[in-house]
Amino acid sequence: MGDLIKDKDSLLGKEVSLCGWVDRVRDHGKLRFIMLRDRTGQIQLVVKQGETPEEAVKASNEARDEAVICVKGTLRKAPTKEGVEVAVREMSVLNRPVEPLPLLPRDSLSAILDTRLKFRWLDVRNPKVTKVFLLQAWVAQKFREYFSSKGFVEIFTPKIVGAGTEGGAEVFPVIYFGKPAFLAQSPQFYKQFSVIAGLERVFEVGPVFRAEPHHTTRHLTEYHSMDIEVGFIQSYYDVISFVEGFVKHLAEAMRKEELPQRVLQEYNVEPLEIPGEVPKIPLRKAYEILDSEFKKHIPYGEDLDSEGEKLLGQYVKERFKSDLVFVTEYPWKVRPFYTMRKEDEPDWTYSFDGLLRGLEIVTGGQREHRYERLVENVKDKGMNPKNFEFYLNFFKHGAPPHGGAGLGLERITMQSLKLENIREARLLPRDPETLLP
Ligand code: AMO
């Protein structure tokens, strides 16, 4: 239908053939208007007794809300939003709902989120909801495009793994032919593996699993992670540059390309604002800013909480006209064992988070690539190097200095459209209660 609307001038007076869902019907006795909806838009169909062939009039009696229909007819000018309508000549009803609709697609956004997710197949038919997923696919495409253009190779790593990567208990156990295994929390070990194995620059877009028992508006138990890993870096600032380059590429494309413009307009949000120089603030400086500007106290050596992130986002938006800020040098105690500790201050690390509109969307840093130090790191975290032997082995035969980052696809989608809950940005979200549909 998108093409039809675009080509409406050349198609006027011609026969068109369309399939889709009935969005709504306005029945005026002898005159019936049916809004037909497909993934590209909507168009009015006109069925008029005395003008429309008898067979088609009959079929249109069955064309109720959300029936699946195909029509043939003539495209003509009309005082509709699209400026055109179809005078129906043939209609076939391919399928009809078998029970009253529990959620009307056109009104789905007025239902509570739980109901929308329960009947997600109806919810996503709402054109505004469909657009979330058009934008999401576009973001993933931009990610692939950007990193491919920088010489990164796409990798596909195991999702059933023998060890957790991010520390803590947030792993889902699975039984693998009688042996204990886990769903991957991150491609962390295998993206590092790929660099060490000589691919040097790699990226992956894939599902990751986190057994996060808590309910928040920004956590899912399954999400899509967009990961990069790059060898031969001088410092973790090289990784920041790649991430910054990608977000700039995304922001520019948001202003230029038709699809994101259309989606952003529907959500009434501005494209991301990313200045030439994105602010980078060491965490210890961020503590001071939050204290002095907002009277918000984060205990020294702790991670930012969600309020701290929000306030810092607000601060950089006002000061630097930036929707993005990098917070650098996180404490060793809140970072996973593979992170490289600062040479001169080992309680701090060569690592960063990136906040988009006040929400963490990316984490990254330089990795410890020196075998002995890595073993020390494992021990320092109170873990047994034996349990990580398979990973530590990668580092025994020439691992280059390297670093990388992981970006949350749903969080980027959510922040780009200013959605309130991350579940809205996942087609079929998983949370502690939701395993179906
Ligand atoms: P981290 O665990 O911080 O880092 O995750 C990286 C990014 O993934 C997103 N994210 C989430 N999105 C939705 N639901 C969740 N439960 C969730 N948890 C995280 C966030 C976050 O910034 N291996 C490292 C990355 C690296 O250093 O390369 C890692 O996974 O946007």
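The values are calculated or read from the model by the stated rules, or taken from the named source; none is laboratory data. These numbers were taken from a predicted model, which means no experiment stands behind them. Using ideal geometry, Cβ is built from the backbone for each residue, glycine included, and neighbour counts are taken over all protein chains shown. Only protein heavy atoms, including side chains, enter the accessible area calculation; ligands, DNA and RNA are left aside. Shrake-Rupley method; radii C 1.70, N 1.55, O 1.52, S 1.80 Å.
Taking amide hydrogens as modeled 1.01 Å from N in the peptide plane, which residues meet the under 5 Å criterion relative to residue 419, leaving out close sequence neighbours?
HN-HN under 5 Å from residue 419: empty list.
Per DSSP H run of n ≥ 4, the term is -39500 (n - 2.57); total these for the chain, divide by its residue number, and report the mean residue ellipticity at 222 nm rounded to 500 deg cm²/dmol.
Value at 222 nm, helices only, nearest 500: -9000 deg cm²/dmol.
Starting from the Cα of residue 396, draw a straight line to each of the aspartates and glutamates and keep only those under 15 Å, dropping any in the same chain fewer than 8 residues away.
368, 372, 376
Looking at the chain, I'd like the Rg to Rh ratio, where Rg is from alpha-carbon atoms and Rh is Kirkwood's inverse mean 1/r.
Looking at the chain, the ratio lands at 1.07.
What ³J(HN,Hα) values, in whole Hz, does the Karplus curve 6.51 cos²θ - 1.76 cosθ + 1.60 give for the range 289-304 when θ = phi - 60°, with x put for Gly and Pro?
With coefficients 6.51, -1.76 and 1.60, one gets 4, 5, 5, 6, 8, 10, 6, 9, 9, 10, x, 3, x, 9, 6, 5 Hz.
List the lysines whose alpha-carbon lies under 16 Å from that of residue 72, not counting same-chain residues fewer than 8 positions away?
Here the lysines satisfying the reach criterion relative to residue 72 are 8, 14, 48, 58.
Scan around residue 342 for amide H atoms under 5 Å from its own, H built in the peptide plane at 1.01 Å from N, and keep only partners 5 or more places away or cross-chain.
348, 349, 350
Could you work out what % of the accessible surface of the range 284-410 is carbon and sulfur, using a 1.4 angstrom probe and leaving DNA, RNA and ligands out of the count?
About 49 percent, which is the carbon plus sulfur part of the accessible surface.
With +1 on each Lys and Arg Cβ and -1 on each Asp and Glu Cβ, how big is the dipole of the chain about its Cα centre, in debye rounded to the nearest 20?
1000
By how many degrees, 0 to 90 and rounded to 10, does the Cα axis of helix 371-380 deviate from the longest principal axis of the chain?
Once rounded, the angle reads 80 degrees.
Would you kindly derive the ³J(HN,Hα) couplings of the range 411-424 from the backbone phi angles with the Karplus curve 6.51 cos²θ - 1.76 cosθ + 1.60 (θ = phi - 60°), listing them in order in whole Hz, with x for Gly and Pro?
Each residue's phi maps through the Karplus curve to give 5, 5, 4, 4, 6, 5, 9, 6, 6, 7, 9, 4, 4, 5 Hz.
Where nothing but the Cβ of Lys and Arg (+1) and of Asp and Glu (-1) is charged, how large is the charge dipole of the range 64-149 around its Cα centre, in debye to the nearest 20?
220
For the range 365-370, in order, what is each residue's ³J(HN,Hα) by Karplus, 6.51 cos²θ - 1.76 cosθ + 1.60 with θ = phi - 60°, in whole Hz (x at glycine and Pro)?
Residue by residue, the range 365-370 yields x, 8, 9, 6, 10, 8 Hz.
Compute the distance from the alpha-carbon center of the range 385-399 to that of the range 26-49, in whole Å.
65
Please report, in cubic angstrom per residue, the volume enclosed by the convex hull of the alpha-carbon atoms of the range 10-153.
Looking at the range 10-153, the number lands at 165 Å³ per residue.
Name the residues whose placed amide hydrogens come within less than 5 Å of the amide hydrogen of residue 281, ignoring near sequence neighbours (fewer than 5 apart) on the same chain.
It is 326, 327, 328, by chain and number.
In a solvent-free Debye calculation with one equal scatterer on each Cα, what is log10 I(q)/I(0) for the range 113-177 at q = 0.13, 0.14, 0.16, 0.24 Å⁻¹, listed in the order of the q values?
-0.76, -0.84, -0.94, -0.91
In whole Å, what is the distance between the alpha-carbon centres of the range 296-335 and the range 221-269?
Here the two parts' Cα centres lie 19 Å apart.
First compute the accessible area of the range 24-82 with a 1.4 Å probe, then give the percent of it belonging to carbon and sulfur atoms.
Looking at the range 24-82 in its full context, I get 49 percent from C and S.
Per residue, what accessible area does the chain have, given a 1.4 Å probe and all protein chains present, in Å²?
48
Short version: what are the Cα gyration tensor semi-axes of the range 68-216, square root of 5 times each eigenvalue, largest first, in whole Å?
Computed over the range 68-216, the values are 44, 24, 15 Å.
Pairs 131/191; 142/280; 6/248; 6/142: which exceed 27 Å Cα-Cα?
131/191; 6/248
Which residue, 212, 54, 145, tops the fluctuation ranking in a GNM of the chain built on C-alpha contacts under 10 Å?
54
State whether the range 189-299 is rounded, prolate or oblate according to the following rule on the C-alpha gyration tensor (a ≥ b ≥ c being the square roots of its eigenvalues): a/c under 1.5 gives rounded; otherwise a/b larger than b/c gives prolate, and the remaining case gives oblate.
Judged from the Cα gyration tensor, the range 189-299 comes out rounded (a/c under 1.5).
What lysines does residue 285 reach when the alpha-carbon gap must be under 20 Å and sequence neighbours fewer than 8 apart in one chain are set aside?
295, 296, 310, 317, 321, 333, 342
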